[in-house]
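Take a look at the structure below.
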Amino acid sequence: MPETDYVKIPQKRIGALIGKNGEVKKAIEDATGTYIDIDSEDGIVDISPKKDMEDPLGVWNANHIVKAIARGFNPDVAIKLVDDDIYLEIIQLPLLVGKSKNALARYKGRIIGKDGKTREIIMDMAEVDMAVYGKTVSFIGKIENIMIAKEAVEMIINGSRHKSVYSFLEQKQHELKVKEFKTIVGIDEDKIEYRDDFLEDEKESD
């Protein structure tokens, strides 16, 4: 039986975790087969498995859903983490830019962009959900999509121009679409035979 787990969340996110009339808390419990006990005084969340729990990863999933809400995600987005193919990745900004409040504010501003434009472009082109909250930048999505979004954020932190970041995302988006298409139609790239007869026909017609 999975052991009880504990998560500490910011006071400001306790209300989001509980939800109106406890609806969010109950939805997470139902989706993960767990019991969630929230200490509103110190922000400690106690996650334990129900006796009839069928999913051995229930506590682990609930832990990540709670962490996602703590990092600023809407509960409707965070609960996607019950899917085995969906992951949570959290970047601790102080590890990359230092602890200066001015530096943190400046880099968060670049990551979010004017009127949230950069954040929206990263989310749209990498196909992830993204939250910038406190001293963290977090992503929810498939692992390869998260890695693309994470690299885009790291480019911004390392001083790349937004235009260069958008070009990178456009290229990666194209690669993902091609890969998805090949998977759907069952193409093995190693066995592709490229045809040049169309070019030869075109030359003959000139």
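Any read-out appearing in this document is the output of simple, stated calculations on the displayed coordinates, not a laboratory observation. Owing to the predicted nature of the structure, the values given are computational and were not obtained by experimental measurement. Note: ideal-geometry Cβ built from the backbone for every residue, glycine included; neighbour counts use all protein chains shown.
Which of the three applies to the chain, rounded, prolate or oblate, going by the alpha-carbon gyration tensor with a ≥ b ≥ c and a/c under 1.5 meaning rounded?
oblate
For residue 88, what residues show an amide H to amide H distance below 5 Å, using hydrogens built from the backbone and excluding near sequence neighbours?
none
Note the full-extension length gain between residue 170 and residue 12 as 0.36 nm times their separation in residues minus their Cα-Cα distance, in nm to one decimal.
The span from residue 170 to residue 12 would gain 53.3 nm if fully extended.
Please list, or write none, the lysines whose alpha carbon is within less than 21 Å of the alpha carbon of residue 179, excluding same-chain residues fewer than 8 places away.
Leaving aside lysines fewer than 8 places away in the same chain, those within reach of residue 179 are 142, 150, 191.
Compute the distribution of all C-alpha to C-alpha distances in the stretch 3-99, in bins of 5 Å from 0, and list the percent of pairs in each, rounded to whole numbers.
Distribution as computed: 2, 14, 25, 25, 18, 9, 4, 2, 0, 0 percent.
When a footprinting reagent is the concern and you count Cβ atoms within 10 Å, what order do 157, 28 take, fewest first?
157, 28
With a ≥ b ≥ c taken as the square roots of the eigenvalues of the C-alpha gyration tensor of the stretch 31-79, please select rounded if a/c is under 1.5 and otherwise prolate if a/b is larger than b/c or oblate if it is not?
Since a/c reaches 1.5 but b/c is at least a/b, the shape of the stretch 31-79 is classed as oblate.
How about the stretch 26-91: which trypsin sites (Lys or Arg not before Pro) there lie in a loop by DSSP and see at most 10 other Cβ atoms within 10 Å?
Within the stretch 26-91, the qualifying trypsin sites (Lys or Arg not before Pro) (loop, at most 10 other Cβ atoms within 10 Å) are 51.
Which helices count as membrane-span-like in the chain under these terms: full DSSP H, at least 30 Å along the axis by C-alpha, Kyte-Doolittle mean of -1.0 or more?
Those that clear 30 Å and a mean of -1.0 are 162-185.
Among 162, 64, what is the fewest-to-most ranking by other Cβ atoms within 10 Å?
Ascending number of Cβ neighbours within 10 Å: 162, 64.
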